[in-house]
1. To check you understand DSSP bridge types, tell me what percent of the beta bridges within the chain (both residues inside) are antiparallel, rounded to 5.
2. Taking neighbour counts of Cβ atoms within 10 Å as a proxy for exposure, in what order, fewest first, do Leu94, Leu144 appear?
3. Rounded to whole Hz and in sequence order, give me ³J(HN,Hα) for region 130-145 from the Karplus expression 6.51 cos²θ - 1.76 cosθ + 1.60, θ = phi - 60°, writing x for Gly and Pro.
4. For region 98-120 and region 159-220, what is the separation of their Cα centres, given in Å?
5. Would you work out which of Val93, Leu244, Pro218 lies farthest towards the positive end of the dipole of region 2-250? Charges go on Cβ: Lys and Arg +1, Asp and Glu -1.
6. Number of Lys-Lys pairs in the chain under 28 Å by Cα, sequence gap 8 or more or different chains?
7. Place +1 on the Cβ of every Lys and Arg and -1 on the Cβ of every Asp and Glu in region 2-250, take the dipole about the Cα centre, and give the residue among Val16, Ala135, Met198 whose Cα lies farthest towards its positive end.
8. Is there a quick way to get the dipole size of region 170-251? I mean about its Cα centre, with the Cβ of Lys and Arg at +1 and of Asp and Glu at -1; what is the value in debye to the nearest 20?
Amino acid sequence: MKIAVLGGTGEMGSRVVANLTERGHEVVAASRANGVDVLTGEGLDEALAGVHTVVDCLNTRTVSKRRAVDFLTTCARNSIEAARRQEVRRAVVLSILNVVKPEVRAGLGYYAGKAAQEEAYAWSGLPATIVSTTAWFTLAEQFLTQARVGPFAFVPTMMLRPVHPDAAAVALADAAETRPAEDRVRLWGPEEIRADLMARDLARATGQKARVVGVPFPNSRFRNGALLPDGDGIEDDRRFADWLEEQKAVR
């Protein structure tokens, strides 16, 4: 099967490309590095030519609601339109667990963008599977740098149920390979961990000289579990502590 992965050289997209390639599929890693700019549409039709399924792993790092919504919805619309022109049969979209809930999408601009992206695909008429996951273990690395002042890293004290990024890649590849019975796949890890403690443990495990300071998230619902799973889904059994051991081995 020929499958295109948008954002195919990014953190998650590259994992999905590798996973699908190992399964024997013909995979197009579509990214600006490979001449495909989904935001402008440049190279998109060529990337989707002959493709059966497109996997949207596009990302933007911003907390601005306007920028996140504009980027993710524009990319979604361009992808959908190109998919129709090239007769792509279906889409798989990476998203965040609970992001369509009003209290979550209103809590952070990026979440509003992801919710809008989901809606763009849902309303498009193109058959789409949403793979929504909790935060990946690798988010701990971002926590150590995104709000850094000298040696201090300020990290929100919100509860998460993080999951190994490889589990997310497998879920996306599975959904691309065989259409699930449901339109949404939900994935999380085995344990609840506070975000600031994730960052602290990563810094200690890898010898980073960051001093993590936990700060209350402005939205109390996030502090009290708005991003935690409820209902049915897939629970991966790999623990954050095991991932930390992996990081020690490669650094």
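1. Values: 5 of 36 bridges.
Given both bridge residues lie in the chain, the antiparallel proportion sits at roughly 15 percent.
2. Leu144, Leu94
3. 8, 9, 9, 10, 6, 4, 7, 4, 5, 4, 4, 5, 5, 4, 6, 10
4. So the separation of the two Cα centres works out to 17 Å.
5. Positive-most Cα among the choices belongs to Pro218.
6. Here the count comes out as 5.
7. Met198
8. Roughly 760 debye for region 170-251.
We did not get these values from a lab; they are worked out from the coordinates using the rules stated. Because the structure is a prediction, the values reported are computed rather than measured. Cβ atoms come from the backbone with ideal geometry, glycine included; neighbour counts cover every protein chain shown.
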